[in-house]
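Taking it in order: structure first as C-alpha cells, then the write-up.
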Amino acid sequence: MVPTGVNSTTGIAGLTLGGGFGRTKRKFVMTIDNLISAEVVTADGSVVTASADSHPDLFWAIRGGGGNFGVVTSFEFRLHALGPEVLSGLILHPVKDAPGLLAGLTEITDVAPDELTVWSALRKAPPLPFLTEEWPGREVLVSAACCAGPVAEGETAVAGLRALGNQIVDVISPHPFVGWQAAFDALLTPGARNYRKSHDFAALSPDAVRDLLQGINSLPDPACEVFMAHVGGAMARVGSGDTAHPARSAHYIMNVHTRRDDADKDDRCITWARDLYARMKPYSTGSAYVNFMPEDEEDHIAGAYGKNSKRLSEVKGKYDPDNLFRINHNILPA
C-alpha cells in the first residue's frame with residue numbers, strides 16, 4: 001500500500017503535493033516521503049522527471065509545496081505491506097468526561113508504538129447502528145484507533161485506550177484496512193458545504209483542552225466537529241528540511257471542520273470555526289499542514305513552510321518565474 005489520505009475518496013495528486021497526511025503516517029510516514037519520482041510539466045512546457053537524481057530541487061519542492069511548480073502527470077511510489085486486516089475502530093465517551101480522557105489519551109500517545117494512531121473527534125453523535133437510542137445528537141468524544149501492524153500486536157497497543165473512562169461503546173476489532181480507510185467517506189459526501197481551520201500542537205495542556213471544549217458547547221450544526229489527530233512516530237524522524245513540508249515535530253493536528261447542507265448556515269459555521277481557531281492559536285506551534293488550510297488563510301503560508309520558505313521561492317523563480325501556477329496557496333517566485 002501507499003500511505004494515502006484520511007478518506008478513500010481523497011485524490012492522490014493534491015494529497016501528495018501538499019504532503020500526504022493519513023491514517024498510517026506514524027508507521028509509513030507521509031505520502032511525500034514515499035514518492036520516488038514524478039513527471040512534471042513546467043511553466044515553459046518542458047516535461048521533466050523530478051527525483052533524487054533528476055531535477056532534485058524540483059523534487060524537493062513538489063513534496064509539500066503544492067501545485068506551485070508545474071502540472072504533475074504521473075507519480076512513482078514506494079509500497080509497503082499491510083494487512084489485509086488491521087485492528088481498528090471506535091470508542092465513544094460522553095463529552096463531559098473529555099478533560100480527564102484527553103489527559104489520559106495524551107499519556108498513552110506519548111509512548112505509543114509507531115503502528116498505533118489515535119484520532120479524537122469532538123462532535124454530536126450521529127445515528128450509528130451500534131449506539132442506543134439516547135445517544136444520537138448528544139456531544140461525544142470519539143476515539144478512532146488504527147494499528148498498522150499484526151492484529152495480535154494491535155490488541156496490546158490499544159489496551160490502554162480501552163481502559164480509559166466509562167465507555168458508551170467500544171467497536172474496535174479486526175477490519176480489512178481498505179474498509180477502515182473508507183469508513184468515514186459518508187462524512188465527505190459530494191455537494192456538502194465545507195470550511196475548515198487547522199493548528200499544530202506540541203502538546204495538549206489543560207488550558208488548551210478547556211478552551212477547545214468551550215467550542216464544542218456551541219457547535220453550529222450537527223455535522224460540525226473538531227478532530228485532534230495524533231501524529232509523530234516515524235513521520236517526526238524525517239528532517240524538517242528534507243522535503244518542502246517542514247512540520248514534523250507536532251504531536252497533534254487540530255482540524256476544525258464545518259459541514260452543512262444549508263447555505264443559510266454559512267456565516268454561523270464559518271464564524272464558529274474562525275473563533276475557535278483564534279482561541280486555540282496561543283497553544284499552537286505556528287506551523288500548519290497546507291492541505292488543511294482554507295483559501296482565506298494566505299497569511300499562514302509563512303508558518304506552513306517556515307525555514308523552507310526562502311528555498312521554495314528560489315525554486316519557484318527557477319521553474320515558474322512569472323507565477324503561472326498561482327491558483328493555490330501561492331509561493332511567490334524569488
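Taken together, the values in this text are just the output of simple stated rules run on the coordinates, not laboratory data. Everything numeric here is computed off the predicted structure, so don't read it as measured data. Cβ placement follows ideal geometry from the backbone for every residue including glycine, while neighbour counts extend to all protein chains displayed.
Just checking, how many residues over the stretch 153-166 are outside any helix (DSSP H, G or I) and surrounded by fewer than 15 Cβ atoms within 10 Å (Cβ to Cβ)?
Residues that pass the stated criteria total 2.
Can you find a residue that is over 21 Å from PRO176 (Cα atoms), in contact with a helix residue (DSSP H, G or I) (Cβ under 6 Å, 6 or more places away or on another chain) and surrounded by fewer than 17 Cβ atoms within 10 Å (Cβ to Cβ) anywhere in the stretch 107-118?
Scanning the stretch 107-118 turns up no residue that is over 21 Å from PRO176 (Cα atoms), in contact with a helix residue (DSSP H, G or I) (Cβ under 6 Å, 6 or more places away or on another chain) and surrounded by fewer than 17 Cβ atoms within 10 Å (Cβ to Cβ).
Within the stretch 214-273, work out how many residues are under 26 Å from VAL111 (Cα atoms) and among the basic types (Lys, Arg).
Looking only at that region, the number is 2.
Could we say that TYR277 is in contact with a strand residue (DSSP E or B) (Cβ under 6 Å, 6 or more places away or on another chain) and touching a residue at least 40 places away in the same chain (Cβ under 8 Å) here?
Yes; evaluated as a whole, the condition is true for this residue.
Would you confirm, using the coordinates I've provided, whether THR9 is polar (S, T, N, Q), under 22 Å from ALA81 (Cα atoms) and surrounded by fewer than 16 Cβ atoms within 10 Å (Cβ to Cβ)?
So THR9 passes the test.
Quickly run through the stretch 117-150 and pick out the residues that are farther than 16 Å from ILE216 by Cα and either touching a Cys at 6+ places or on another chain (Cβ under 6 Å) or in a strand (DSSP E or B) (or both).
Residues satisfying the conditions are THR117, VAL118, TRP119, ALA144, ALA145, CYS146, CYS147.
Please specify each residue of the stretch 163-199 satisfying the condition of being among the charged types (D, E, K, R) and in contact with a strand residue (DSSP E or B) (Cβ under 6 Å, 6 or more places away or on another chain).
Within the stretch 163-199, ASP170, ARG193, ARG196, LYS197 qualify.
Any idea how many residues of the stretch 240-274 are part of a helix (DSSP H, G or I) and either under 13 Å from TYR195 (Cα atoms) or among the aromatic types (Phe, Trp, Tyr) (or both)?
Of the residues in the stretch 240-274, 11 are part of a helix (DSSP H, G or I) and either under 13 Å from TYR195 (Cα atoms) or among the aromatic types (Phe, Trp, Tyr) (or both).
So how many residues does the stretch 78-100 have that are in contact with a helix residue (DSSP H, G or I) (Cβ under 9 Å, 6 or more places away or on another chain), among the aliphatic types (A, V, I, L, M) and surrounded by 14 or more Cβ atoms within 10 Å (Cβ to Cβ)?
Counting residues in the stretch 78-100 that are in contact with a helix residue (DSSP H, G or I) (Cβ under 9 Å, 6 or more places away or on another chain), among the aliphatic types (A, V, I, L, M) and surrounded by 14 or more Cβ atoms within 10 Å (Cβ to Cβ) gives 6.
Select from the stretch 296-325 the residues that are loosely packed, with under 14 Cβ neighbours inside 10 Å and free of Cβ contacts under 8 Å to residues at least 12 places away in the same chain and list them in ascending order.
Within the stretch 296-325, ASP296, ASP299, ALA302 qualify.
I'd like to know if the stretch 301-323 contains one or more residues that are among the polar types (S, T, N, Q) and within 21 Å of ILE270 (Cα to Cα).
No, the conditions are met nowhere in the stretch 301-323.
If I ask for residues that are surrounded by 17 or more Cβ atoms within 10 Å (Cβ to Cβ), at positive phi and in a loop (DSSP other than H, G, I, E, B), which ones from the stretch 178-233 would you list?
Scanning the stretch 178-233 gives a single hit, GLY232.
Go through the stretch 138-153 and give me each residue that's under 12 Å from GLY83 (Cα atoms) and of a type in the set (Val, Ile, Thr).
VAL151
Does ASP261 satisfy the criteria of being without any contact (Cβ under 8 Å) to a residue 24 or more places away in the chain, farther than 25 Å from ASP242 by Cα and among the acidic types (Asp, Glu)?
no
As an exercise: evaluate LYS25 against (1) under 20 Å from GLY83 (Cβ atoms); (2) surrounded by fewer than 23 Cβ atoms within 10 Å (Cβ to Cβ) and give the number of the one condition it does not meet.
(2)
Within the stretch 231-265, take every residue that is in contact with a strand residue (DSSP E or B) (Cβ under 6 Å, 6 or more places away or on another chain) and not hydrophobic (A, V, I, L, M, F, W, C) and give me the one that is nearest to ASP114 (Cα to Cα).
Among those residues, the one meeting the criterion is TYR252.
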